[in-house]
Amino acid sequence: MKKIFVLSFISVGYFLNAQNLSNSPYATYGIGDVKYDNTIETASMGGISTAFISDFSSSFNFANPANNANFELTSIKLEATNENNYFKTDYNNTKSTKHSTYLSNISLAFPLSPKLKLGLSYQPYSSKSYDILNSSTITKEDGTTATVANRFKGTGTLNTAQIALGYKVSDQFSVGARANYYFGNLYDTNEIAISDAELINGYETKNSIKNFNFTLGASYQKLDTRNDRKLTIGATTTFGNTSNMMTDYKNSTYYYAAGDVKTGESIIEEKSTSSKNLLPIQASLGVGYGEENKWFLSGQVDYKKGESIAYFGKSLDLQDSYRISAGGWYLPNYNNFRNYFSRVVYRYGAFYEKGSLQIAGTNINKFGISAGVLLPFKTSSITRMSGLELGLEVGKRGTLKNGLINQNYVNLKVGFNFADKWFRKRLLE
């Protein structure tokens, strides 16, 4: 745990000045900076999804696959995210700004029958991309001085591919299941070099991940036909890791030849461990209320059990965490083809997340607000709601307390949802 403790405080002062770093300094811990956010649709509503059954027939819900009772069209979604992060720490009053853009979601979904719906999705789940260099001067016993350099570096991406099925049991009750496959390699390295020493001491951790788990969901929706008002209740649970995460740790000495080639490596300690707790038990409960094809509002609570991750030969313990979200959407008048903005779907939301990471006795929490729109294509109707998706999320993570880093962020999301009655035979009139 000593290296984890040292890294916690070194990163406070030097992370922001590093040439290569992830969009969050807290990506140095665990499986990195989590990018997974389902879709623009739910992210724009504060993340609510568990009790969200779209009124439109063109939107597939992967977060809770039971919530696809109204899905009737083939849908293709392509989405990208632009992250803009603004860091600040009281250490030398340091400030920094970082940006990145990445493909955040590709999905294909279509109905297999009036009751059975299928979806396929790919997303990056988390990433590591940091490079922290700390240099200090020490005085040796003989009175001479030397420079000690600590370098912390992380690379790699964890991706996820999913297949989801939703089944409509009755007019009011549906169930669903999703299989999640996680794959990728995450690397962490700590190198210590002294100016008058020939060798570098390096500590390396490699997490090789090929992991399955499963999500089960259920939803209940009661529609009052007298006023078109509806009540929705949804729940999900994720469990059942079926593959191992292999962690390789190595402590060695070496030096770099031309071209940054590691040479003359001597192994001090080397070990491999496996674990099945990469993504432990998670659960979600949501309740929503709205008016058919007009508006919807939902509240949601998410829970994730704590876990232990092998890190520099030791165990990094992450705490139980939870997230509280609220959000919804509003559609002024989908029948008004004279006023385009009356047919735009407006989304809004907010959330608070008690994080699983704790540094120097301080929890790294997160909160934000979000908004978004679905701009329908000119020919789109309520039964074929295809269009341009835009989302905005503004929030804060971390704190200036105890010398830590405060992260403010503005995330922009853009995507397309193409939906139609594809893969079906047309009847000649």
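Which distance in Å, rounded to a whole number, links the C-alpha centroids of region 108-122 and region 171-207?
If you average the Cα positions of each part, the centres end up 32 Å apart.
Would you tally the net charge around residue 223, using a Cβ to Cβ cut-off of less than 11 Å, leaving residue 223 out, and scoring K and R as +1, D and E as -1?
So the environment of residue 223 carries a net charge of -2.
Which part of region 190-207 falls in the paramagnetic zone of residue 272, meaning amide N under 11 Å from the point 7 Å along Cα-to-beta-carbon?
Those under the cut-off are none; the list is empty.
Applying the Karplus parametrisation 6.51 cos²θ - 1.76 cosθ + 1.60 with θ = phi - 60° to the phi angles of region 111-118, what ³J(HN,Hα) value in whole Hz is obtained for each residue in order, glycine and proline being reported as x?
Karplus values, whole Hz, x for Gly and Pro: x, 8, 6, x, 9, 10, 10, 10.
Compute the long axis of helix 2-14 from its Cα atoms, compare it with the longest principal axis of the Cα atoms of the chain, and write down the angle in degrees, 0 to 90, nearest 10.
Tilt of helix 2-14: around 80 degrees.
As a check on your grasp of the helix formula, calculate [θ] at 222 nm for the chain: sum -39500 (n - 2.57) over DSSP H runs of n ≥ 4, divide by the residue count, round to the nearest 500.
So the calculated ellipticity at 222 nm is -1000 deg cm²/dmol.
Looking at region 169-258, which GluC sites (Glu not before Pro) are in a loop (DSSP not H, G, I, E or B) and have at most 10 other Cβ atoms within 10 Å?
Sparse-neighbourhood loop GluC sites (Glu not before Pro): 198.
Working with all protein chains in place, sort 295, 329 by solvent-accessible area computed with a 1.4 Å probe, largest first.
295, 329
Expressed in nm², what is the orientationally averaged projection area of the convex hull enclosing the Cα positions of the chain?
Here the figure is 24.8 nm², rounded to one decimal.
With just the Cα atoms defining each centre, how far is region 306-356 from region 213-286? Give it in Å.
18
For an R0 of 45 angstrom, estimate the FRET efficiency from the Cβ-Cβ distance between residue 228 and residue 406 and round to the nearest 0.05.
0.50
What does the charge count around residue 115 come to, taking other residues whose C-beta lies under 15 Å from its C-beta (Lys +1, Arg +1, Asp -1, Glu -1)?
Here the charged neighbours net out to 0.
Over the chain, what is the mean sequence separation of C-alpha contacts under 8 Å (at least six apart), divided by residue count, expressed as relative contact order in percent?
18
Students often forget the sequence filter, so: which lysines lie under 25 Å Cα-Cα from residue 222 once same-chain residues fewer than 8 apart are removed?
The reachable lysines, counting only those whose Cα sits under 25 Å from residue 222, are 115, 117, 168, 230, 294.
Points 7 angstrom from Cα along the Cβ direction at residue 255 and residue 319: gap in nanometres?
Here the modelled spin labels are 4.6 nm apart.
With r as the distance between the Cβ atoms of residue 308 and residue 285 and R0 = 30 Å, compute the FRET efficiency 1/(1 + (r/R0)^6) and round to 0.05.
The value I calculate is 0.70.
Can you tell me the Rg and the Dmax, both Å, for the Cα atoms in region 264-307?
When restricted to Cα atoms, region 264-307 yields Rg and Dmax of 22.7, 70 Å.
Once the Cβ-Cβ distance between residue 265 and residue 237 is put in as r, and R0 is 56 Å, what FRET efficiency do you end up with, to the nearest 0.05?
Step by step, r from the Cβ atoms, then E = 0.80.
Give me, ordered by chain and number, the residues 5 or more places off residue 57 or on other chains with an amide H under 5 Å from its own placed amide H.
385
Take the Cα coordinates of region 281-365, assign each an equal point scatterer, and use the Debye formula without solvent to give log10 I(q)/I(0) at q = 0.10, 0.20, 0.26 Å⁻¹.
Here log10 of I(q) over I(0) equals -0.45, -0.93, -1.18.
Need the full-extension length gain, residue 88 to residue 170, defined as separation in residues times 0.36 nm minus the C-alpha distance. One decimal, nm.
Taking 0.36 nm per residue and subtracting the Cα distance, the gain is 24.3 nm.
Label residue 100 and residue 336 with points 7 Å out from Cα along Cα→Cβ: what is the distance between them in nm?
Taking the two extended label points, one gets 4.2 nm.
Over the chain, with the other protein chains present, what is the accessible area per residue in square angstrom, probe 1.4 angstrom?
Per residue, the chain has 47 Å² of solvent-accessible surface.
Among all the lysines, which ones have a C-alpha under 16 Å from residue 276's C-alpha, if same-chain residues fewer than 8 places away are not counted?
Reachable lysines: 206, 210, 304, 305.
The values are calculated or read from the model by the stated rules, or taken from the named source; none is laboratory data. Since the model is a prediction, treat every value here as computed from it, not as a measurement. As a convention, Cβ positions derive from the backbone with ideal geometry for all residues, glycine included, and neighbour counts pool all protein chains shown. Calculation scope for accessible area: heavy atoms of the full protein, side chains included, ligands and nucleic acids excluded. Shrake-Rupley method; radii C 1.70, N 1.55, O 1.52, S 1.80 Å.
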